[in-house]
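Scroll down for the structure; my scribbles are underneath it.
Throughout, read-outs are computed from the coordinates displayed, never taken from laboratory work. From a predicted model like this one, the values you see are computed outputs, not experimental measurements. With ideal geometry, Cβ positions are generated from the backbone for all residues, glycine too; neighbour counts draw on all protein chains shown.
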2 protein chains.
Amino acid sequence: MPRRPPTEPRTAAPDRLSRARIVADAVALADRDGLDAVSMRKLATGLGVDPMSIYNHVRDKGDLLDGMADAVVAAIEPVAPAETGWQAELSTLILSARREMLRHPWSASVLGSRSQPGPATLTHVDRVLGILRGGGLSLELAHHALHVLGSRILGFDESLFDDTAPADVDPALVAAQARAWAPTLPHVAELALAANHDGVLGACDDDGEFRFALDLILDGLERHRGRV
Amino acid sequence: MPRRPPTEPRTAAPDRLSRARIVADAVALADRDGLDAVSMRKLATGLGVDPMSIYNHVRDKGDLLDGMADAVVAAIEPVAPAETGWQAELSTLILSARREMLRHPWSASVLGSRSQPGPATLTHVDRVLGILRGGGLSLELAHHALHVLGSRILGFDESLFDDTAPADVDPALVAAQARAWAPTLPHVAELALAANHDGVLGACDDDGEFRFALDLILDGLERHRGRV
DNA sequence: CGACGTAGGTCTACACCGTAGACCTTGCCA
DNA sequence: TGGCAAGGTCTACGGTGTAGACCTACGTCG
């Protein structure tokens, strides 16, 4: 019968708590029931454990949220260096990040509210910077690029408001509201009517908008390359 | 002795509650003690009133937060139409929004988390759209522009992490950490050392970065004008 | 082999939160 | 004058994060 190695002896037991297991369960819980459902008590009952036990592996709830955010970022698959130029390579990486982030709709809000990046997030940023530098952008311009891209690096929409539940709204109702807006908010009304009526615009294509914004920014950076 | 007009008779009393007074107090409270300090109980004691009284003027806490966010946006001063072109005009408006938003550091997080825009926010968006349309951008491109700008319209940084407390970090400590990063995160380390050492980059100028990003985006949109 | 230190799970308890529901006062109008 | 409705108050409930004491089991070492 193989004896356990002297180091790390108990962590092998499958029902034992660990930071990784806690974070994974918290992510699953948030995926299933939403971020608000992630409380120490609910998480503990899901783990079959006392709520306070969690604190042996996690400093506090903020630390748990940090772990959840970093777990999502850790799942982003890196891209192989391509011959297609830095813009295409970065675009691929960022769209890969976006795919991962859309799998966990709550992640945008928690990544946005946390202030310290975790190790996976730092690694991701390093990859982004590597592509930029490899593409010939100066250090200053690469720094600018991080700011321009902002949290778009991680696939966020950064839209003005939550874009949730776009499907369950009645088009007729939207049209009525747009007409009510017309006197005081002419341009908003115009846009709402156009987007709704399928006249000029189709239904707002979030993914298309994300790509449009990304391309516009990458083009702008390319135009600065070697100039700054 | 002038009798009160029959309509709206009591609201004239100065110590009476009103949605406006509640929201204003909540904003002041958040400014002073941070957003977490805004609880119905604390707000009520500040108003000299029972916590439950607030619910006569506000549906729930979410409604209160909506009101706070919209109050911040309402304070943005509109810009006079200028002869300098749509980019300069929009830039001025957005920087004015940024000024207002920096006065209330909590506003970014609450505006980001709310899902329904208030009347002042809609008015602001209408002004932005008006400038874009007036500048000759098609309805589609103006729509794109909203997405590219995202919450930058309201002056947000949209940075990857909270940029709070940049001054109280020890440069030597940052340098040490950067050197520790070097083996695994070479590009992050490079950037951190450069930004810290005052070698290539100065200290990260948030306002400068915001303007750089804004100009890059506005230039990109101008290049699309008439083309899409 | 036995004592010990300690990592980690558990229990209780505290302070705080948002808010439902019943109650009561006040001032207006018919 | 009677009634009505708006709005302020009170109590109470179920939830939250987490401090602090306790206890148990295990690896280490004399």
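Are there any chymotrypsin sites (Phe, Trp or Tyr not before Pro) in segment A:55-112 that are in a DSSP loop and have at most 14 other Cβ atoms within 10 Å? List them by number. Each step should come with its number before you reach the end.
Details: sites: A:TYR55, A:TRP86, A:TRP106; in loops: A:TRP106.
Nothing satisfies the criteria.
Mind giving me the nanometre distance, one decimal, between the label points for B:ARG223 and A:ASP206, set 7 Å out from Cα along Cα→Cβ?
2.8 nm
What Rg and what Dmax come out for chain B when only alpha-carbon atoms are used, in angstroms?
For chain B, the Cα-based Rg and Dmax read 22.4, 82 Å.
Within 10 Å of each Cβ in A:148-161, how many Cβ atoms from other chains are there, averaged over the peptide?
Details: counts 10, 4, 10, 6, 4, 1, 1, 0, 3, 3, 9, 6, 16, 9.
The mean count of partner-chain Cβ atoms within 10 Å per residue comes to 6.
Subtract the Cα-Cα distance of B:THR84 and B:ARG32 from 0.36 nm times their separation in residues, and report this length gain in nm to one decimal.
Numbers: separation 52, 0.36 × 52 = 18.72 nm, distance 3.87 nm.
Taking B:THR84 through B:ARG32 to full extension adds about 14.8 nm, to one decimal.
Using a Gaussian network model of chain A whose springs link C-alpha atoms within less than 10 Å, name the residue from A:GLU140, A:GLU190, A:GLU100 with the highest mean-square fluctuation.
Of A:GLU140, A:GLU190, A:GLU100, the most mobile in the Gaussian network model is A:GLU190.
Given axes a ≥ b ≥ c from the Cα gyration tensor, I'd like to know whether segment A:36-80 is rounded (a/c under 1.5), prolate (a/b larger than b/c) or oblate.
In terms of gyration-tensor shape, prolate.
Using a Gaussian network model of chain B whose springs link C-alpha atoms within less than 10 Å, name the residue from B:GLN177, B:GLN87, B:GLN116 with the highest mean-square fluctuation.
Per the Cα network of chain B with a 10 Å cutoff, B:GLN177 tops the list.
What's the average, rounded to a whole number, of partner chain beta-carbon atoms within 10 Å of each residue's beta-carbon in A:183-193? Before the final figure, lay out each step's value.
Numbers: counts 0, 4, 8, 4, 12, 9, 3, 6, 9, 0, 1.
Counting other chains' Cβ atoms within 10 Å and averaging over A:183-193 gives 5.
With unit charges on the beta carbon (Lys/Arg positive, Asp/Glu negative), name the residue among A:PRO81, A:TRP106, A:LEU132 whose Cα is farthest towards the positive pole of the charge dipole of the protein assembly as shown.
A:TRP106
Specify, per residue and in Å³, the volume enclosed by the convex hull of the alpha carbon atoms belonging to segment A:98-151.
91 Å³
Where does the protein assembly as shown land on the Kirkwood hydrodynamic radius, alpha-carbon pairs, in angstrom?
Averaging 1/r across every pair of different Cα atoms and inverting gives 24.7 Å.
Provide an ascending nm list, one decimal, of label-point separations from A:GLY136 to the equivalent residue in each further copy; define each label point as 7 Å from Cα along Cα→Cβ.
3.1
Between A:ASP215 and A:LEU102, with labels modelled 7 Å along Cα→Cβ, what's the label distance in nm to one decimal, could you check?
With each label point 7 Å from Cα toward Cβ, the separation is 1.6 nm.
What is the ratio of the Cα radius of gyration of segment B:55-166 to 2.2 N^0.38 Å, with N the residue count, to two decimals?
Relative to the rule-of-thumb radius for its length, segment B:55-166 sits at 1.13.
Using alpha carbons only, what's the Rg to Rh ratio of segment A:31-105 with Rh from Kirkwood? Please list the in-between numbers first.
Details: Rg = 17.1 Å, Rh = 14.7 Å.
Rg/Rh: 1.16.
Separation between the A:ARG59 and A:LEU173 pseudo-spin-labels, each 7 Å from Cα along Cα→Cβ, expressed in nm?
Each label point lies 7 Å from its Cα, and together they span 4.4 nm.
Enter the mean number of other protein chain beta carbons within 10 Å of the beta carbon of each residue in B:112-122, as an integer.
3
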